[in-house]
Amino acid sequence: MSLSLYEGKRREPAGLFALLAANLLFAGGCLFLRALMSLFLAAPMRWATAQGLGSRPELLDYPFVLLWLLPATGACGAWIAQKEERPKLACLLAAFPLLVFALVAGWFYLAPARWH
């Protein structure tokens, strides 16, 4: 006889907590370390949005609001989807903001300059 600790509930995806933590750390880093994050993300965001980030961006400036609101919204949406027992949607919502920023920064820094 075996004992199930889940009592009929599904197991949480293994990487969901890590994705939620990464999203919240990224959003918090953008909020509290604005000047440091703008050093690395100003050029890719200027290229992707056609508007640049200043050295001291304001909280609600257009390209800067994407850097903290998109991961925070993704983490909140993933948490709600996980509570509604929709693990695939939760993983998608948690991974989407990080994939977008990785794609933008990766394309900007790793692709040849003539492709920009």
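The values are calculated or read from the model by the stated rules, or taken from the named source; none is laboratory data. Because the structure is a prediction, the values reported are computed rather than measured. Note that each Cβ is placed from the backbone with ideal geometry, even for glycine, and that neighbours are counted across all protein chains shown.
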Only residues in segment 1-27 that are loosely packed, with under 12 Cβ neighbours inside 10 Å count as the first member; pair them with residues that are at pLDDT 65 or above and assigned to a helix (DSSP H, G or I), Cβ under 8 angstrom, at least 6 apart or cross-chain, and list the lot.
Arg10/Pro87
Tell me, which residue of segment 32-51 that is over 22 Å from Leu92 (Cβ atoms), in contact with a helix residue (DSSP H, G or I) (Cβ under 6 Å, 6 or more places away or on another chain) and surrounded by 15 or more Cβ atoms within 10 Å (Cβ to Cβ) is modelled with the highest pLDDT?
Pro44
Kindly establish whether Leu92 is at pLDDT below 90, closer than 17 Å to Ala22 by Cα and within 14 Å of the chain's Cα centre (by Cα).
no
Some residue of segment 59-73 being under 11 Å from the mean Cα position of the chain (by Cα), part of a helix (DSSP H, G or I) and without any contact (Cβ under 8 Å) to a residue 24 or more places away in the chain:
yes
